[in-house]
Each structure stands twice: as structure tokens, then as C-alpha cells.
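Notes to accompany the following structure.
The values are calculated or read from the model by the stated rules, or taken from the named source; none is laboratory data. Because the structure is a prediction, the values reported are computed rather than measured. So basically every Cβ, Gly included, is an ideal-geometry build from the backbone, and we count neighbours across all protein chains shown. Please note that ligands, DNA and RNA were not included when accessible areas were found on the heavy atoms of the full protein model with its side chains. Shrake-Rupley method; radii C 1.70, N 1.55, O 1.52, S 1.80 Å.
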Amino acid sequence: MQFCLGIKMDYGYVNARIRGMRSRLLDRKEIEDLILRPDLDSLIADLEKTAYKEDIIEAKVLYSGVLCIEFALRKNFTRTFRKILGFVCESEAERYIRIFLHRWDVQNIKTILRGKNIHVTNEEILDCLVPAGELDEVTLTELIKQPDVRAVIDMLATWGVVYAKPLTEKYREFIEKEDLAILECALDKYYYQEALESVKKISYNNSLTRDILTTEIDVVNLKTVLRMIRDRVEGEEAQEYLIAGGKEFDPDALHYFLSVHGIEDLLKKLEPTPYRFLADVPESAIKTQKISVFEKQLEKFLIRRGASAFLKDPLSVAAIIGYFWSKYNEITNIRIISRCKMVDLPDEQLKEELVYV
């Protein structure tokens, strides 16, 4: 249960707290020091000297190696944003934070549906969840106990969770086509539609939030277009998986992208847009249509765009948006480092996987 101070606080106070938290994020040198650790045990020891100390200590009781780090990162992320909600409760800032934290509700529901669809254990599903949104760990654990995809959706509906609506509407199509992407896309569409609706009124804070949301939609759509081109999915069918409301690309532009003959042609069409950087990926990735390489570059773009909000008006929601993306990036970087250490990836290759903001 979220504890609320019940005090309406101004952005000056909120942003002072956020900037203090930002100062405790790992800087580039500290991240590179983690890269130099020879193994997972020394990486864990180093993390125990950082702001992750409390979470690492808790994790070491239950796990070792990469599982210890993963557990600590999830705990830290959740604890950090519960803390922020505590000091912004009943302020305007709370509404904006919840918009971004709701994406974790969507991600957690997707993870549970995937687990039920391929019949992995409840423990494996639980280990992949980040209960940072409205659905807390107790609620998510109850969902995991459900025997199948239908039961998960029914439980969400019984609880009155809003995400039951798009899942229920698309369930029959999911059964007919046996494609979980139908349900995942329905969740994404619902999330972005509701988020954009909540910031449609004209204001500086709404504009900032809308900018990052519409950029996210562009990134999600471009990932979808790339996969559809690679898999040669017909335009009409492919369009069902696209999300309305992007910043740069309207439905006509996206439909046009789906009609091109290959990824090389798509990259040419993107030259006049902010996504021209995709043409800089290695030629081998373009020729082999290795979509993961493009997705990584799109993720880097999105993270940097979100983190750059720190440079905007300090008496606005900007610092909150900037911190969210910076914290997300830090945890992503640590996760990459730990996984790369597990498989002994050379440090130089590891560095190429990281994003610095």
C-alpha cells in the first residue's frame, strides 16, 4: 500500500528531491569501473558499495550471481519510485509519474501472459516482474497463480483492472490465430491511448509528457515496421499492430513504410526524419536483417530523449521525466554488464551495448 503524506508540494521542492536522487546515480566512470570487474562476485561486491547496497544485501540472502543482481535491481527500481510517489502524493507531479509507471503494469501483464502461454513455472515468471506500477507484488503474485491466459484476464476483470478491457476484446482473435502479439499490441494501444488522453489539454507539463509518449509510439511502430518488412507480412495485416498517435509518423506514413521492398528502402525513407541514424548500423545487420541491432539503436535514442528532459524548465515535470529515464538506463546498463560477465563477453564489446546519458 502506498503511504501518502497528504501534502500538496510545489515543483521547487519535488525537483530538489529528484535532483538529489539524480546525484546518486552512477556516473560514467563508476559504470566503467563495474565493467572492469573480473567476475560476478566482484561486481556484486562493488554494487554493495553504491546506492544498491540495501537491495544487494537482501538479494544475497536468496540468490547468487546474476540472479542476485537481477533481484536487487528490481527491488531498487520499485523502492525508488514508491519513495518518489510518497513525496509527490496529491501533487500534480503524481499524475505524471503514474503515467510512466503504468507502463510497468503493462509490461508485467505481458510477462505473465507470455509465461502462461508457454507454460513456464510461476517462480520463473515472478523473477521477471518489476512491481513499480499500480499492480503491487501481492497482486501480481495472485495473477501468476492463475492456470492460463484466460484465467489471468478473468482475474483482471474481476478486480476491475482497466487492462482487462482490451484483453477481453481481443481474446477470441488470440485464440483463433494463436498469436500472443495480438494481446500484447492491444495492451500497448490501450496504454498509449489512455496516457495521451490524460495529457491532451494545453499546458507546458502536458506538452513535455506528450512529447516523450509520442516519441515512444514512433519507436514502437518503427520496431514493428522493421519486423513486418523482415517477415514479409502483408500491409493490411501489419497495420493491425501499429499504434496511433506517434510524433513523426501518421498512419499514412506508416502504411507507406510497410509497402517498401526491404529494410534498405525503409532507411532511405527515414533520411529526412530524426531516425536517420538507423542508416549508420553495420551494413552486415542491414543485409542480414538483424532487427535486434536496429531495436538497440532505437532504445538508445528513446532513453537519451527522455533523460534530456533534465535540461528543460526546472519548475515543471521535466526533472521527474529526466530522472525516470536516467534511472531506467542505469539499471539497464547494470543488467547488461552482469549478463555479459556471465558469458565472458570482452569488455570492448560490452561497452558498445551500454548507453551513457
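Below are the figures for this structure:
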| item | result |
| --- | --- |
| Partners for K268 among lysines (Cα-Cα distance below 29 Å; same-chain residues under 8 apart left out) | K189, K223, K247, K287, K290, K296, K300, K351 |
| Kirkwood Rh in Å, taken over all unlike Cα pairs in the chain | 21.8 Å |
| Computed over the range 299-357: relative contact order in percent, which uses C-alpha pairs under 8 Å that are six or more apart | 34 percent |
| Per-residue SASA entry for D344, accessible area with 1.4 Å probe, Å² rounded to 10 | 120 Å² |
| Cross-link partners of K269 among aspartates and glutamates (Cα-Cα below 16 Å; sequence separation of 8 or more within a chain) | D218, E248, D250, D252, D280 |
| Value of Rg to Rh for the range 1-117 (Rh from inverse mean 1/r over Cα pairs, i.e. Kirkwood) | 1.03 |
| Within the range 1-143: Cβ-based charge dipole about Cα centre, in debye rounded to nearest 20 (Lys, Arg +1; Asp, Glu -1) | 500 debye |
| Most positive-pole-ward Cα, Y328, T111, T139, against dipole of the chain from beta carbon charges | Y328 |
| Protection proxy ranking of 349-356, 172-179 - average other beta-carbon atoms within 10 Å, highest first | 349-356, 172-179 |
| Ordering of 55-68, 29-42 by packing [mean C-beta count within 10 Å, highest first] | 55-68, 29-42 |
| Cα gyration tensor shape of the range 163-285, rounded if a/c is under 1.5, else prolate or oblate by comparing a/b with b/c | oblate |
| Within straight-line cross-link reach of K83, lysines at Cα separation under 20 Å, skipping those fewer than 8 residues along the same chain | K8, K53, K75, K327 |
| Computed helical MRE - 222 nm, the chain, DSSP H runs ≥ 4 contributing -39500 (n - 2.57), nearest 500 | -22000 deg cm²/dmol |
| Where a label projected 7 Å from the Cα of R19 along Cα→Cβ would reach, residues of the range 306-348 with amide N under 15 Å | 309-323 |
| Charge dipole of the chain about the Cα centre (unit charges at C-beta), most positive-ward option of V152, Y171, A318 | A318 |
| Per residue Cα convex hull volume in Å³ - calculated over the range 306-357 | 53 Å³ |
| FRET E, pair E236, R95, Förster distance 35 Å, beta-carbon r, rounded to 0.05 | 0.40 |
